[in-house]
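Heads up, the thing below is written out as structure tokens.
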Amino acid sequence: MNKSISHEIRKDTDEEQKLFYIGWALVFMLAPFGNTSLGVFFLLLNILYLIKDKKNIILERNQSIILMGIFIGIMVLSNLTAEIKYLAFLSTLGFAFVILTIFIGTQRLATKDEFLEKLLQAFIISGFVSSIYTLSTYFCCDLYRARALFTATNGAGTVLLISTIITIGYFLSPKNKMKRRSLLIIPIVVMTIALIFTFSRGAWLGIFVAGFFLLLLQKKSRVLLLVLLIVAGGLISFNPSLNERFYKIFSISANMDRIQIWQGTINMIVDHPLLGVGTGMFPFEYGPYNPTGDDQVSFAFAHNIFLQIAAEFGLIGFTVFSLLLLSIAKKGLYGIIGRDPIYQSLVAAFLGILVHQMVDCTIYGLEIGGVFWLISGLILHLPKNKL
């Protein structure tokens, strides 16, 4: 574990504080590898200690927190008619744990300035290590597409998108001295290359949007982003597999599998319009809605986060979820000009992730979902005078 973070842990003898520091350290250090579960476990223990010691857990009652509470309530109602009720309720419980420990938990984390700074540094280091591992799976393991340690190709694309954009934000931050800033160039380039070799077209689109967003806010990012664009363009142009994959973005015939999944999902929504089929029930319900007519073939996800939400939680859940995302985006975009580039990179990553989720559902699982709700929570809870 990072020595500076270990020092923060040793400063407190209280068990609850230790669990708090260890939990967040694990979340930030393992997130770039595609897993936040171990960190969530320690943070959940931290909350249980608070309850046992009868310490107050103060929750900020902002619009986003209220909408999240309503959304979890809708999830519970949807599960009442689920085909496999125990599985639906267990899935909801897992989601609630992530929200309680990470999304809401960032409210307390945002008050720990020095610790959060060290966590961001650990996140960047882990992102660099993860990108090297990801590249090794492609060049040394003879895989068709690169993957991260704890997640497959598209999930790797999501976490690399986040790692790259946040590292760029840290690079641009005036808090960094020039010497330390120059050390980030190689990690940024390696992360970008690793993302390219995931062959995740949704992640490619997402990082393009996130990078363009940063470009609008930070003129001094132009040179770095131009270099990254040249590197990415060169790889895609001269690697036949990457080149073919890139042009499939613009081909309807090459994307008919996704289009058919979306068609089947829409039909499922029509049959379950109000509360959907329940948490995690999509793969168990999809078969009869398959447009190909083969009801034995199913898919784990709808490959579109909004269709996924509408299918499992109905149009009511879809509406509340959309309002929740809008409230986070509104908070992030309000007064963003003039804020530290690190905060701007969090908002950029949030927007880039949502672009990716238009053709995928990588944040729907608990592991990478934890990273998304971490970004969302920081956007909500970081004070303007901090980042």
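The values are calculated or read from the model by the stated rules, or taken from the named source; none is laboratory data. Because the structure is predicted, anything quoted here is derived from the model rather than measured. FYI the Cβ positions are ideal-geometry reconstructions off the backbone, even for glycines, and counts take in every protein chain you see.
Among the residues of the range 300-329, the ones that are surrounded by 18 or more Cβ atoms within 10 Å (Cβ to Cβ) and not in a helix (DSSP H, G or I) come to 4 in all.
Among the residues of the range 140-179, those identified as free of Cβ contacts under 8 Å to residues at least 12 places away in the same chain and either surrounded by 24 or more Cβ atoms within 10 Å (Cβ to Cβ) or out of contact with any Ser or Thr (no Cβ under 7 Å at 6 or more places or on another chain) (or both) are 140, 141, 142, 152, 176, 177, 178, 179. Here 199, 213 are screened, and the one residue that is under 17 Å from residue 159 (Cβ atoms), modelled with pLDDT of 95 or more, surrounded by 15 or more Cβ atoms within 10 Å (Cβ to Cβ) and of a type in the set (Phe, Trp, Tyr) is 199.
Looking across 287, 280, one residue alone is closer than 30 Å to residue 81 by Cβ and crowded, with 18+ Cβ neighbours inside 10 Å. It is 280. Selection of the range 65-121 for residues being within 17 Å of the chain's Cα centre (by Cα) and polar (S, T, N, Q) yields 101, 106. Inspection of the range 201-224 identifies no residue that is in a helix (DSSP H, G or I), more than 26 Å from residue 336 (Cβ to Cβ) and out of contact with any helix residue (DSSP H, G or I) (no Cβ under 7 Å at 6 or more places or on another chain). Just one residue in the set 293, 278, 332 is touching a residue at least 40 places away in the same chain (Cβ under 8 Å) and in a loop (DSSP other than H, G, I, E, B); that residue is 278.
Screening residue 283 on (1) more than 24 Å from residue 76 (Cβ to Cβ); (2) in a helix (DSSP H, G or I); (3) of a type outside the set (A, V, I, L, M, F, W, C) shows it passes everything except condition (1). Just one residue in the set 74, 124, 84 is under 30 Å from residue 172 (Cβ atoms) and at pLDDT 95 or above; that residue is 124. Return the residue satisfying two criteria in turn: it lies in the range 121-137 and is surrounded by fewer than 20 Cβ atoms within 10 Å (Cβ to Cβ) and out of contact with any helix residue (DSSP H, G or I) (no Cβ under 6 Å at 6 or more places or on another chain), and of such residues it is farthest from residue 22 (Cα to Cα). Residue satisfying both the conditions and the ranking: 136.
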